[in-house]
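The block underneath contains the structure these notes are about, expressed in structure tokens.
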Amino acid sequence: MSIAKFVTSQFDQYELEESYMSDNFVKSIEKQNLHLYSDRILLKAKESHKNKNSYDKPIFTRIQLWQFYFESKEKCNQAFDSLLKCFPNDCAEIEKGKNQSIKVTPSIWVFCDSEIYVARTSCEHVDEKWEAFKKDFAFTFAEENSKIIVTECGKLKWTTKEEIKNAP
């Protein structure tokens, strides 16, 4: 499934945002130029929320999504390996399977045989809709053997589709 098709299932909570926020979050994948094509979309919540990270000011959650398609499992693995050497935001080196503290914003990364799917938001944009979104994202794109990284503000965790399914 494409991220373009997936976002249509999210239209009860979100709408497409016309302007796309450019940033370097997926730069380590893009600069390798191993993918055949990629897509990116920006969603904006229809309703605002407040939290301590937004200093209790109303904010509309924005979620950036990326999809990278590779012609082979080998090229996808090369992109995955480059990401391990330079994980966003500060190009931190991470170890496969090791949970760790790093400077990072909330995101979910799903690694399949020939695709990488990414969704990202900001710390102040996290609310209950983001938690539900992550589950939907994982259920839609992850295969049983997919590697999944979930990040929170300052934390990185490796997980599986099954663990996400059983999370409260």
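Of note, S107 does not satisfy the criterion of being within 17 Å of the chain's Cα centre (by Cα) and closer than 13 Å to H35 by Cβ. Taking residues in segment 151-168 that are without any contact (Cβ under 8 Å) to a residue 12 or more places away in the chain, and partners anywhere that are assigned to a strand (DSSP E or B) and open to solvent by less than 40 Å² (accessible area, probe 1.4 Å), the pairs with Cβ atoms closer than 6 Å and at least 6 places apart or on different chains are T159/I148; T159/V150. If the condition is being under 13 Å from I149 (Cβ atoms) and open to solvent by less than 10 Å² (accessible area, probe 1.4 Å), then segment 112-127 contributes I116, Y117, V118, A119. Suppose we keep only residues that are of a type in the set (A, V, I, L, M) and either open to solvent by 60 Å² or more (accessible area, probe 1.4 Å) or in a loop (DSSP other than H, G, I, E, B) (or both) within segment 4-21. Which one would you say is modelled with the highest pLDDT? For segment 4-21, the residue satisfying everything is L16. If the condition is being open to solvent by 30 Å² or more (accessible area, probe 1.4 Å), more than 24 Å from N77 (Cβ to Cβ) and more than 12 Å from the chain's Cα centre (by Cα), then segment 137-167 contributes C153, K155, K165, N166, A167.
Among the conditions (1) touching a Gly at 6+ places or on another chain (Cβ under 8 Å); (2) closer than 20 Å to I164 by Cβ; (3) open to solvent by 30 Å² or more (accessible area, probe 1.4 Å), N99 misses just one, which is (1).
Here segment 22-64 is the region considered, the condition is being closer than 19 Å to C153 by Cα and touching a Leu at 6+ places or on another chain (Cβ under 7 Å), and the residue that is surrounded by the fewest Cβ atoms within 10 Å (Cβ to Cβ) is R62.
The set of residues in segment 65-91 that are under 24 Å from W130 (Cα atoms) and surrounded by 15 or more Cβ atoms within 10 Å (Cβ to Cβ) comprises L65, W66, Q67, F68, L83, F87, P88, N89.
The values are calculated or read from the model by the stated rules, or taken from the named source; none is laboratory data. Since the model is a prediction, treat every value here as computed from it, not as a measurement. Using ideal geometry, Cβ is built from the backbone for each residue, glycine included, and neighbour counts are taken over all protein chains shown. Protein only, heavy atoms only, side chains kept; ligands, DNA and RNA dropped before computing areas. Shrake-Rupley method; radii C 1.70, N 1.55, O 1.52, S 1.80 Å.
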